[in-house]
Structures are given as C-alpha cells and as structure tokens.
Amino acid sequence: MDNILTRRKFGLKTQTTLNTRFWLLLLFFGIALIQKNAAQSGYRIGLLPAVNINKPIGRGWAVNFKYELRQFVAEGDYSASPESAFEYDLSDFIFIASKKVGLNNTIAGGYLFRLRGATVTHRTIQQFTIVRKLNAFRLAHRISTDQTFEPDNPVEYRLRYRLTTELPLNGESVDPGEWYVKISNEYLNSLQENSYDLEVRLIPLLGYEFNDNNKLEFGPDYRISSFLENSPRSVYWLSVNWFVKL
C-alpha cells in the first residue's frame, strides 16, 4: 500500500512539474517575442476597465455578462517621450452561456456587440476551457474561436489559446479577504480574407477576493501584433476587472 501511495504522489508531482515547465516555456516565448519586437515599434497606452457578472442557473449551466471599454491616454515611439492622446476607442457588451462537462472542463458560446463611433460590430464566440488544480496553484487552458462581422469589411476569423495561472499569496488556495496573482499568456491568430496576423498578450494581474461573490483584479495588459510583417504595434493597457457572482 505504501508503494502504491508513493507512486501516486510521485506521478502527481511529476505531472505538476511538467505542467509548470510547459507554462514557463510558453511565457518565456511570449516575453522573447515582446523583447525582440517592442523596441522597433510605436506604442499606445490606455485604460481597460471591465465589469463581469456571472449567474449560475443550475445543472452546470451559467450565464455571464461582461461590459468593457477602451480609453487611450497616450501614444509615441520608444525613441521619444509619449504624447497625450486622450481618445475614447470602443465599448464591448459580451454575453456568454457556459456548461460544465466533466469535473474541470467547460464549453461555452456567446455573442459580442461592439460600439465604436457610428460603427456596430457583431461577433460570435465558441470556447473550451480546461482547469487543473495543482498543489499550490490553478492552471487553466482556454481554446476559443470567434467570427467578427463588421460593415464593409470581410469576415474576420480568429483562433485563440490562453494559458492562465492563479497563485494565492497566502496558503494553498484563494480565500475571502486574501490577495492573489493571476498571470495570462495568450496567442491570438487572425485571418481576414487573405491577411493573417498574430497577436501575443501578456497579462500579470494582482487580485483581491472580498468574498465568495466579489473580487477585483488590476494590472498591466500588454499586447503586440503585426510583428510578422516587421511593423509591430504595441498597446499597454491598465486593466481593472470587477467580478460579481449573483
């Protein structure tokens, strides 16, 4: 019996180590892309506040509403100081329905309604999430696709992969009244007619859980795109997310 328990513990430890190494490798790859391309490009700085409202409705189903807006505050290039560029960009209204399948997996589908000036954009969303609870942190893989419909433009098809880890700063899990760190690394592939692009996102956030139904996360959200054509674009957001569970 002791040998069996030892083998199980060793197997769990090995799997945890492999998952951690995989995540770190992907993260370092994202950082390497950022360091290689950022210095060659211009950039913009903005605010990215969002409200997430989640409502479980039974039998593993839940519905989510998210409101997010984008506000630019500065722009420039890396050879000069940034210039003020206070400009409202857009507002997103996102509706998602999700269903748990198995113990740690979730499938979801939804719709995004975007307002940018006088332009209205529609987007359909499909996603699959796998969550792994390891010894000292939680690891989530999310694969999603979406289709964006905008007047006078071809349909844009995107494939996204996001890896997120959540690390409690006290103990082995996040409890009410405690701080935690959440780090996400995302790779977003876009195809619009014959044009392909890749965007890399690195998002380290600090979070605080007020209670089981309310938490707040804030921190930088860095995105770089168009570096495949040697004309990269960088955007630095200050992300502030409020999560409410009804």
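Rule-based calculations on the coordinates, nothing more; no lab input. Only a predicted model underlies this, so the values are computations on that prediction, with no experimental measurement involved. FYI the Cβ positions are ideal-geometry reconstructions off the backbone, even for glycines, and counts take in every protein chain you see.
Extension gain for ASP89 to LEU134 (0.36 nm times residue separation, less C-alpha to C-alpha distance): 12.3 nm.
Rounded to the nearest Hz, the phi-derived 3J(HN,Hα) couplings of the stretch 233-246 under the Karplus curve 6.51 cos²θ - 1.76 cosθ + 1.60 (θ = phi - 60°) are 10, 10, 10, 10, 9, 9, 8, 10, 10, 10, 10, 10, 10, 8, where x marks glycine and proline. 3J(HN,Hα) along the stretch 193-209, derived from phi through the Karplus expression 6.51 cos²θ - 1.76 cosθ + 1.60 where θ = phi - 60°, amounts to 6, 9, 9, 10, 9, 10, 10, 10, 10, 10, 10, x, 10, 9, x, 9, 9 Hz, with x in place of Gly and Pro. Electrostatic bookkeeping for HIS122 treats Lys and Arg as +1 and Asp and Glu as -1; over the other residues with beta carbon under 15 Å from its beta carbon, the sum is -1.
The residues packed around VAL174, meaning those with a beta-carbon under 15 Å from its beta-carbon, carry a net charge of -2 if Lys and Arg are +1 and Asp and Glu are -1.
Straight-line cross-link reach from LYS133 at under 19 Å between alpha-carbon atoms covers these aspartates and glutamates, not counting any fewer than eight positions away in the same chain: GLU166, GLU172, ASP175, GLU178, GLU209, ASP212.
Only loop residues by DSSP count here, and only those with at most 12 other Cβ atoms within 10 Å; note down the GluC sites (Glu not before Pro) in the stretch 103-180 that meet that.
For GluC sites (Glu not before Pro) across the stretch 103-180 that sit outside H, G, I, E and B with at most 12 neighbouring Cβ atoms in 10 Å, the list reads GLU172.
The H on the amide N of ARG132, modeled in the peptide plane, is under 5 Å from the matching H of LEU139, ALA140, HIS141, each at least 5 residues off or on a different chain.
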